[in-house]
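All remarks here apply to the structure that follows.
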Amino acid sequence: MGVEDNNFQIEELTSNTSFFEWASKTNTDIIGKLNRLKVYDGISGDGINVVVGVTSDSAGFTPTGVSAGDILVELSGNVSKGMTFNDVSINGTLTYDFSAAFAGVKTVSLGISGHNTGITGGDIVRYEESIGGVTLAKADSATNAEVLGIVLGERGTNEISVATHGFVDLGGFNESNGGLSAGCIHFLDPLNPGRLTKDEPNVIGQVSKPVFLATSSTGGVFYNYRGQLLAGTGGTGDTNADNNAFFLTTAQVPSDILTGFTVGKVIAYDGSSYTLAKANTESSLNSIVGVVTAVPSSSPLTVKIVTSGYVVESPTNSVGPLYVNDNGDLTSTFTGSPVVAVGVSRGSDSAIVINPMLGQISGSSSTTSGVGQQYARNAIPNVGGLTASTGGVSYVNQNLLPNGSMTIWQRGVGVGSAHLGTGPTYFADRWVRLNRTNVDHVGVTGSGTLSIERKEFAITQTEVEGNPLYYTRLNNNIPGNTYDDIIHVEHRIEGADSFRGENMTLGFYAKAANSGQTAEVFIKQNYNGLNTETKTELGAIEFGTSWKKYITVFGVPEMDNTPNANLPHYFATGLDLTKVSGNIDLAQFKLERGISSTPVEPRTIEDEYELCARYYQRSYAPDVATLTNTTINNIPDATSINFVDLPNSNDHTVRFPVRMRGTPEVLEFYSPFSGETGDAYNATAQNDLKDTGGSVGHNLQVRSGSLGSSLSKTNVTKDGFIIETTSGVVDFDKISVHYVADADLNNNIPGMPSQS
């Protein structure tokens with residue numbers, strides 16, 4: 001091997017190299033190697049050819065076939081002297097002929113005998129054991145889509161050549177959608193056996209099987225990719241499989257039945273066959289799976305059924321709760337069936353939310369009462385559930401009820417032991433029991449007993465979502481329940497115009513000690529805080545004996561009256577428990593916009609308290625009862641209002657930590673030491689103000705106690721008040737006091753102070 005070989009390596013000179021060796025290596029190897037280096041000019045015939053493009057009308061130049069401005073560099077198969085190219089940089093546009101490149105992908109083919117008559121070049125085939133040969137493949141099932149390869153043509157008598165992979169160019173293909181499209185992936189056709197299609201299969205039960213990359217209109221590279229059986233996900237079009245929809249073809253349903261599955265029909269599945277749902281058949285109602293929303297294909301017949309979620313193109317123009325009739329049609333007329341869907345008005349457009357589970361409102365498949373009938377305008381609701389359209393996100397709407405979890409019980413009613421009073425009363429904050437019992441009727445005297453008690457959940461319970469701390473147990477004992485007795489449990493929200501014309505959902509958990517107990521769900525729009533109100537009964541529910549979630553979907557009516565701006569008008573939702581006998585347990589209420597019950601998102605105790613404190617607040621800690629001694633070794637704790645009575649000023653300004661709804665009608669003071677109403681604690685004298693008479697304080701000043709109130713309040717607003725000590729203090733005495741302020745929506749509650 002000499003320097004003329006491109007792989008020749010010149011050995012290094014060392015310190016031991018002789019002058020002769022140095023001169024020989026320099027002249028023979030180094031200089032010889034350098035002399036053979038050259039700049040190739042592209043026209044020397046040494047294996048590199050450069051063609052400069054010209055046009056046919058360029059004077060004095062012969063057309064080269066290369067466009068003007070382009071330079072074509074060609075390498076022969078044998079470059080002299082074994083030249084090797086490593087990195088080549090090209091400044092400008094590089095045009096690469098993929099068809100020529102892919103043409104170099106070697107085709108691997110098999111000779112198959114015993115093939116079916118009619119199989120020709122370009123057909124996609126699979127092996128069929130029963131015939132001992134091949135048959136046309138088809139993407140309509142996993143079995144039929146087990147592709148072996150593509151037919152190249154006949155190889156001999158009763159034998160064909162089948163390429164398993166590689167470059168194929170037959171001059172034309174049996175493609176159902178026309179000629180091949182260069183650069184496109186082609187799939188096995190689900191409709192035409194042995195054919196290719198540019199449209200990816202997207203119907204449930206079909207197989208997405210890419211097999212061919214076209215590089216021209218006549219050829220390309222065949223690859224036997226792994227197929228995907230479509231079983232409920234994927235795609236974005238009208239006929240595409242989705243998490244909230246599925247598709248039926250004649251492969252699943254006989255054609256004479258499938259033709260009856262038109263848009264708007266409600267479909268049931270009994271475990272073996274699909275049929276039209278019928279209101280007069282209980283088994284059919286219990287097996288409702290969805291509503292037909294589209295018939296995207298007639299060949300073959302394909303029907304799209306949506307199981308849940310929001311549909312822009314509504315199959316009905318009806319607004320409100322939609323049921324199924326005996327013909328499988330959606331109807332706004334109550335038929336005794338579950339609520340299958342809810343129509344939504346969006347101006348001149350309509351939409352529909354499909355959710356068959358809305359029919360289980362009462363906890364029983366046999367009843368659907370508890371759904372309001374009034375529907376007016378509505379924004380597009382948030383529909384809960386994991387769907388492709390939501391990106392796998394479950395929406396959680398805000399709970400519009402402060403203390404819907406019944407966590408805060410500031411008034412202490414029913415805490416520790418059952419409250420046995422029969423009059424109207426608040427129990428958990430924002431929750432009031434209204435009742436009229438023991439009232440003389442015409443010739444009859446009503447009688448009965450009531451109780452309210454806060455009960456604790458076991459920390460390990462899993463029946464009620466959101467891990468609530470407490471639930472409310474009410475006990476009703478009203479013999480007969482046939483008179484003019486009323487027992488309501490309700491939650492009030494400021495503003496009679498709240499949610500007017502909107503679609504709403506109320507969800508809560510309940511159970512009864514005895515089966516067969518029923519209650520009425522209602523809403524009220526109270527316009528003046530008194531008796532001018534609209535009450536809408538949403539229907540009856542029947543309680544079970546174990547915890548169960550009850551969902552009521554309803555529309556809030558528009559306004560019947562103009563609210564009195566000078567009075568605290570309100571919106572209320574609640575339960576009429578008049579007909580309930582024995583214990584009834586209630587927990588975890590959630591009122592939300594829209595027509596779907598979304599999961600409960602628990603609030604912290606602190607956040608829940610702040611929402612409640614707008615209406616009723618105390619200086620006591622939320623879990624400490626009013627009248628409790630909050631001093632420690634006669635030293636007031638941090639929850640009480642603590643101040644120093646200064647010379648020439650016995651006034652102290654108190655700011656509410658949470659601004660109240662209105663000026664509190666009730667503002668009471670309590671001693672942190674004794675719990676005495678209307679009194680405060682003198683920490684300097686270590687006694688209540690009224691009990692300090694005769695004691696000596698700063699500069700030998702003598703305190704004068706009072707048998708009446710030792711405190712007064714002035715300048716009471718929704719932001720705070722001024723407290724004034726009137727007796728029991730001298731200069732520089734340290735005073736501590738608790739307060740309770742009530743600005744709740746107490747109107748129309750007998751025995752409660754009215755609010756302005």
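Based on the Stokes-Einstein relation at 37 °C and a viscosity of 0.692 mPa s, and on the Kirkwood radius from alpha carbon pairs, region 616-742 is assigned a translational diffusion coefficient of 226 µm²/s. Across all directions, the average flat footprint of the convex hull enclosing the Cα atoms of region 425-613 is 11.7 nm².
Looking at the square roots a ≥ b ≥ c of the eigenvalues of the Cα gyration tensor of region 102-229, which shape do they give, rounded for a/c under 1.5, prolate if a/b is larger than b/c, or oblate? It comes out oblate by the Cα gyration axes. All C-alpha pair distances within region 518-570, sorted into 10 Å bins from zero, spread as 22, 39, 24, 13, 2 percent across the bins. Would region 448-507 count as rounded, prolate or oblate if I go by the C-alpha gyration tensor, calling it rounded below 1.5 in a/c and otherwise prolate when a/b exceeds b/c, oblate otherwise? Oblate.
Cross-link partners of LYS278 among lysines, defined as those whose alpha carbon lies under 28 angstrom from its own and excluding same-chain residues fewer than eight positions apart: LYS265, LYS304, LYS548, LYS549. Computed from the C-alpha gyration tensor, the three semi-axes of the ellipsoid equivalent to region 261-328 are 19, 17, 10 Å, from longest to shortest. For a straight C-alpha distance cut-off of 21 angstrom, the lysines reachable from LYS734 (same-chain residues fewer than eight places away being disregarded) are LYS690, LYS713. A Stokes-Einstein calculation at 4 °C with viscosity 1.567 mPa s, built on the Kirkwood radius of region 649-711 over Cα pairs, returns a diffusion coefficient of 96 µm²/s.
Read-outs throughout are calculated quantities, based only on the coordinates presented, and are distinct from any laboratory measurement. Note that the structure is a prediction, hence the values are computed from the model and not measured.
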